[in-house]
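Data block below; observations after.
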């Protein structure tokens, strides 16, 4: 603890500017609270001595970036549970083979030229692969290394393509059926925490570094999947480098893919088949939740949870611990008149999940935001209340492209009927939006919540509430502006039957798609949870219903839907 206090005394920014201190901090996290101590939890190599059974499935847990502590912890837990159920499980880790990855962020590089010229190998790789490999070795799970599956010829070709493909063609580049460029671009945007690379120092060099890493990942996965036979590949997120390319490479050869991500509720995770949940949740069949059991106590549980989200008391992440919920004080602070027609607008973080969505009406969130303000400048009969997402400054990766700055650049003088609520404001998003006639969203999950309490929502982008028969969805610019022409709506409340439908979906989204896992315990700081198991039996079937759903989905392809509605206590 003494060493940690010394490091903390330097401050976070100072640590990031001092490579040795940064490494020490990462090593300390890894050794003291990051990775599960499987030898203590289960015993040395316990999975190797577990009663042998014929493998029912071969699974590749493609952790890759071992320094992402929530990923390494959760994936090793799932790997152990799969092995106990008789699966043959391998792990995949990058051993410093990639010149860029999702562990790299500009905030770690005060001198950006260090990353441009040396990549992560000098600063990050030594605290990424070794502790993660040690974690899997303690479980007795074989570990494959990226470098094993990249040949000298692959490296030459990757170098050639990295240097020769025109910058404007990188985003659409494919290696056969493997999507490479889209994830390279998303990775570079995440590195810079921006929605574009315009004006960024070394923007092209960093993008090409991610493109190079994406190509090497594609070559490694193509060779690995030709050499080893797997039924399913499990990989975090499904976006960026290397995770997005892993999924695409597996799909290209007909191997099932499972993606996952930490969910919003504490101790819960979202798993999806075939692709990232950013895509699958929008097109999930509605009969998945339309026919579920629905009783009054389910509605009570949902509304209780939705109210908790105002302060985040049941979630992993909290943006406001003391939000301003008094409508009168909100109106005075913002200068908005809730007695007159008001339309809310909720932004997303600009850089997050920059993927291609074929039904998108706009080129991106900023395009949508600017076009919407221009429209409302012609509608003095309406007020537009723009709530900028608090995660821009309070998220795990603070944005370097701020929505307010983009608005100011496009509108040096803001239309008088447009009010912008900055991300640092303590104004409760929920309290403010409930005063509006309708709310416009691009991709935020808040649309699920607002429709559940009766608020009409217009969807302009890739929100998960789209395609559910609940919201007003625009698939083109013309459709979008036609919807805006209909404002203000005759009623600021959804019909009762639509609210009932919205609540069914919200329950499904928050309670059934977010799968609780008993073996993880929330902790303050980073990582947000630690693995807690009481012996190998706690990983066996029947010990944790959520883990049963996850393992069954991975092994058999069954839906990743937790039957929460069956297990709740019924009132007498």
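The residues of the range 137-162 that are at pLDDT 95 or above, touching a helix residue (DSSP H, G or I) at 6+ places or on another chain (Cβ under 7 Å) and part of a helix (DSSP H, G or I), listed by number, are 146, 149, 154, 158, 161, 162.
Scanning the range 73-86 for residues that are over 15 Å from residue 42 (Cα atoms) and at pLDDT 95 or above yields 74, 75.
Condition check ((1) in contact with a helix residue (DSSP H, G or I) (Cβ under 6 Å, 6 or more places away or on another chain); (2) in a loop (DSSP other than H, G, I, E, B); (3) within 29 Å of residue 479 (Cα to Cα)) across all residues:
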site	(1), (2), (3)
396	no, yes, no
408	no, no, yes
412	no, yes, yes
415	yes, yes, yes
419	yes, no, yes
440	no, no, yes
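Find the residue count for the range 335-370, including only residues that are modelled with pLDDT of 95 or more, farther than 18 Å from residue 472 by Cα and part of a helix (DSSP H, G or I). Final tally of qualifying residues: 1. Output the residue which, of all residues in the range 194-246 that are in contact with a helix residue (DSSP H, G or I) (Cβ under 7 Å, 6 or more places away or on another chain) and free of Cβ contacts under 8 Å to residues at least 12 places away in the same chain, is farthest from residue 64 (Cα to Cα). If we take residues in the range 194-246 being in contact with a helix residue (DSSP H, G or I) (Cβ under 7 Å, 6 or more places away or on another chain) and free of Cβ contacts under 8 Å to residues at least 12 places away in the same chain, then 200 is farthest from residue 64 (Cα to Cα).
Would you mention how many residues in the range 225-242 are over 21 Å from residue 192 (Cα atoms) and crowded, with 24+ Cβ neighbours inside 10 Å? Going through the range 225-242 one residue at a time, the tally reaches 3.
A quick yes/no check of all residues on (1) farther than 18 Å from residue 93 by Cα; (2) crowded, with 17+ Cβ neighbours inside 10 Å; (3) touching a strand residue (DSSP E or B) at 6+ places or on another chain (Cβ under 8 Å):
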{"site": "173", "(1), (2), (3)": "yes, yes, no"}
{"site": "177", "(1), (2), (3)": "yes, no, no"}
{"site": "211", "(1), (2), (3)": "yes, yes, no"}
{"site": "216", "(1), (2), (3)": "no, yes, no"}
{"site": "222", "(1), (2), (3)": "no, yes, yes"}
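Of the residues screened, residue 369 is not one that is crowded, with 20+ Cβ neighbours inside 10 Å, closer than 27 Å to residue 485 by Cβ and in contact with a strand residue (DSSP E or B) (Cβ under 6 Å, 6 or more places away or on another chain).
Residue under question is residue 493, and the condition is that it be part of a loop (DSSP other than H, G, I, E, B), assigned by TED's automatic domain parsing to the domain that holds residue 382, touching a residue at least 12 places away in the same chain (Cβ under 8 Å) and farther than 30 Å from residue 34 by Cβ; does it hold? Criteria met by residue 493.
Kindly indicate whether residue 451 is surrounded by 15 or more Cβ atoms within 10 Å (Cβ to Cβ), closer than 24 Å to residue 504 by Cα, out of contact with any helix residue (DSSP H, G or I) (no Cβ under 9 Å at 6 or more places or on another chain) and not assigned by TED's automatic domain parsing to the domain that holds residue 107. Spelling it out, it is not the case that residue 451 is surrounded by 15 or more Cβ atoms within 10 Å (Cβ to Cβ), closer than 24 Å to residue 504 by Cα, out of contact with any helix residue (DSSP H, G or I) (no Cβ under 9 Å at 6 or more places or on another chain) and not assigned by TED's automatic domain parsing to the domain that holds residue 107.
Residue by residue, here is whether (1) over 16 Å from the mean Cα position of the chain (by Cα); (2) loosely packed, with under 15 Cβ neighbours inside 10 Å; (3) over 25 Å from residue 529 (Cβ atoms); (4) in contact (Cβ under 8 Å) with a residue 24 or more places away in the chain holds:
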position: 254; (1), (2), (3), (4): yes, yes, yes, no
position: 266; (1), (2), (3), (4): no, no, no, yes
position: 276; (1), (2), (3), (4): no, no, no, yes
position: 286; (1), (2), (3), (4): yes, no, yes, yes
position: 302; (1), (2), (3), (4): yes, no, no, yes
position: 307; (1), (2), (3), (4): yes, yes, no, no
position: 315; (1), (2), (3), (4): no, no, no, yes
position: 330; (1), (2), (3), (4): yes, no, yes, yes
position: 334; (1), (2), (3), (4): yes, no, yes, yes
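Scan the range 6-28 and give yes if some residue there is modelled with pLDDT of 80 or more and more than 16 Å from residue 137 (Cβ to Cβ), otherwise no. Within the range 6-28, not a single residue is modelled with pLDDT of 80 or more and more than 16 Å from residue 137 (Cβ to Cβ). Kindly evaluate residue 379 against the criterion of being assigned to a helix (DSSP H, G or I), surrounded by fewer than 21 Cβ atoms within 10 Å (Cβ to Cβ) and modelled with pLDDT of 85 or more. No: the conditions fail for residue 379.
Quick grid of which residues meet (1) at negative phi; (2) outside any strand (DSSP E or B); (3) surrounded by 17 or more Cβ atoms within 10 Å (Cβ to Cβ):
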| position | (1), (2), (3) |
| --- | --- |
| 458 | yes, no, yes |
| 481 | yes, yes, no |
| 487 | yes, yes, yes |
| 538 | yes, yes, yes |
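Annotation: residue 499 fulfils all but one of (1) surrounded by fewer than 21 Cβ atoms within 10 Å (Cβ to Cβ); (2) part of a loop (DSSP other than H, G, I, E, B); the unmet one is (2). In the set 545, 559, 522, only one residue is in contact with a strand residue (DSSP E or B) (Cβ under 9 Å, 6 or more places away or on another chain) and closer than 21 Å to residue 276 by Cβ; that residue is 559.
Looking only at residues in the range 63-94 that are assigned to a helix (DSSP H, G or I) and under 16 Å from the mean Cα position of the chain (by Cα), which one is farthest from residue 551 (Cα to Cα)? Looking at the filtered set, the residue picked out is 69.
Among the residues that make up the range 130-145, is at least one of them buried (at least 17 other Cβ atoms within 10 Å of the Cβ) and within 23 Å of the chain's Cα centre (by Cα)? Within the range 130-145, one or more residues are buried (at least 17 other Cβ atoms within 10 Å of the Cβ) and within 23 Å of the chain's Cα centre (by Cα).
Given the structure, is residue 180 in contact with a helix residue (DSSP H, G or I) (Cβ under 7 Å, 6 or more places away or on another chain) and touching a residue at least 40 places away in the same chain (Cβ under 8 Å)? It is true that residue 180 is in contact with a helix residue (DSSP H, G or I) (Cβ under 7 Å, 6 or more places away or on another chain) and touching a residue at least 40 places away in the same chain (Cβ under 8 Å).
Only one of the numbered conditions (1) in a helix (DSSP H, G or I); (2) touching a residue at least 24 places away in the same chain (Cβ under 8 Å) is not met by residue 168, and that is (2).
The values are calculated or read from the model by the stated rules, or taken from the named source; none is laboratory data. Please read all numbers here as calculations on a predicted model, not as lab measurements. Glycine gets a Cβ as well: all are built from the backbone with ideal geometry, and neighbour counts include every protein chain shown.
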